[in-house]
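Working notes, structure below.
The values are calculated or read from the model by the stated rules, or taken from the named source; none is laboratory data. These figures come from a predicted structure and were not determined experimentally. We place every Cβ from the backbone using ideal geometry, glycine too, and count neighbours over all the protein chains shown.
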Amino acid sequence: MDASPAIDVRGVSHSYGDRHALDHVEFAVDPGTIFGLLGPNGGGKTTLFRLLSTLLPLQEGQARILGFDLAREPNEVRKHIGVTFQSPSIDPKLTVGENLKYQGQIYGLSGAHLRQRIDLLADRLGLKDRLRERAETLSGGLKRRVEIAKGLLHRPQVLLLDEPSTGLDPGARHDLWRYLRGLREEDGVTVLVTTHLMEEAERCDRLGILDHGRLVALDTPLALRSMLGDDYVTVQCDEPDVLGARIRERFGVTPQKIGGNLRIGKSRGHEFVRDLVEAFPQEVKTISLGKPTLEDVFIERTGHRFWDEEPQ
C-alpha cells in the first residue's frame, strides 16, 4: 500500500466574515481506510467537506487528495473523488437507470462501458430490480444507495460522504455501512464520512472530532475511549463545585463539572462508586457507572456536552 496519505490536510482555516468555521485543522487519512469527522452541527464538518470536494476555495493552509493540491489542481482532484452530499441530488422524475446514465455521461462515460458500470453498481448496491423505477418512488435508504452509485460510476479512489445516514432507518444504515466496508476491503477505496451520530463514528477506522472549527481529538474510536480509563463515574449533587473540591482533596482526582454533574474517569470504577458513597453519603444524590463513550471523549476535550451549544 502507498505510504503517502490519500487525504492530507495541513493548517486549514476558513472564515465566513467574522465567524471562524475552521481553525488550523490538520489530519491525514491512510489509503483504503474509513475516516470519520464527528461533531455537532456548527462544528465545522460541512465547511471542511465543501473544501475537500472543491466546492469552496482554500483560504489558509494546504490540502491534498491522492497527491493533488486542492488549490492548484482542483480539476485533477475532481477526477479522482466521488461525492455524496447530504442534500439529495437525484432527479425524482427520472428512473434510477436514467439518473445513473446521465451522471456517467458527465464524467465522459458512454456505451457498453457505462452500461457495465451501471449494472455492476446496481448489483452491488441492491438496485438491479429498481433501474426502471422512478427515483421518487424509492425509500430513503434506496435513494441514498442511488446517490452513492452516482458517486462511484467513474471509479474514484476517494469517496466523500456528508452525513450519509441522514433520514435512514437502522436497517438501511446497517446496509450502507456494510457496503462501505466492502468498498474499503474489496476495492481499496478511501472513504471520508462526516457525521453527528456516535454509533456511526464507532464504525470508522479512524476518527477526528471537531468542535467550533477545532480538531479536538484524533485517533481510532477505541483509543479515544480508552484514554479516559476503564470506567466513567457520573455524580449528581446539589453543589458540584464544593463536592468536586472535596473529592479532589480526598481521592486525589479532579472531577470534571458538566452542568450540575461531576464526571470522573477511573479504573475499577465500581470500587470508586462504593468509596464515594461511603465518603459523601449526604452530598451524593445519584451516582452512575459506565464505560467511556465517544461523547465522554467529546466532553473531556471540550468541557461541554455534544448538543449543549447552539450552532454558531
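Of the candidates His212, His196, the single residue that is touching a Leu at 6+ places or on another chain (Cβ under 9 Å) and buried (at least 18 other Cβ atoms within 10 Å of the Cβ) is His196.
Exactly one residue out of Lys93, Lys79, Lys45 is crowded, with 21+ Cβ neighbours inside 10 Å, of a type in the set (Lys, Arg) and assigned by TED's automatic domain parsing to the domain that holds Leu142, and it is Lys45. Charged (D, E, K, R) and either farther than 30 Å from Glu278 by Cα or in contact with a Cys (Cβ under 7 Å, 6 or more places away or on another chain) (or both): does that describe Asp187? So Asp187 passes the test. On inspection, Leu180 fails the criterion of being surrounded by fewer than 17 Cβ atoms within 10 Å (Cβ to Cβ) and assigned to a helix (DSSP H, G or I). Surrounded by fewer than 17 Cβ atoms within 10 Å (Cβ to Cβ), more than 30 Å from Glu295 (Cα to Cα) and in the same structural domain as Gly140 (by TED's automatic domain parsing) - does that describe any residue in the stretch 10-31? Within the stretch 10-31 (the criterion being surrounded by fewer than 17 Cβ atoms within 10 Å (Cβ to Cβ), more than 30 Å from Glu295 (Cα to Cα) and in the same structural domain as Gly140 (by TED's automatic domain parsing)), the answer is yes, since at least one residue qualifies. Scan Gln236, Gln282 and give me the residue that is free of Cβ contacts under 8 Å to residues at least 12 places away in the same chain and surrounded by fewer than 19 Cβ atoms within 10 Å (Cβ to Cβ). None of the others qualify; the one that does is Gln282.
Of everything listed in (1) assigned to a loop (DSSP other than H, G, I, E, B); (2) surrounded by 16 or more Cβ atoms within 10 Å (Cβ to Cβ), the single unmet condition for Ile118 is (1).
Note on the stretch 212-253: residues that are assigned to a loop (DSSP other than H, G, I, E, B) and not β-branched (Val, Ile, Thr) total 9. When we screen Gly213, Gly259, Gly290 for residues that are touching a His at 6+ places or on another chain (Cβ under 8 Å) and of a type outside the set (Asp, Glu), the only hit is Gly213. Evaluate the following for Ala71: is it of a type in the set (Gly, Ala, Ser) and either outside any loop (DSSP other than H, G, I, E, B) or within 19 Å of the chain's Cα centre (by Cα) (or both)? Spelling it out, it is not the case that Ala71 is of a type in the set (Gly, Ala, Ser) and either outside any loop (DSSP other than H, G, I, E, B) or within 19 Å of the chain's Cα centre (by Cα) (or both).
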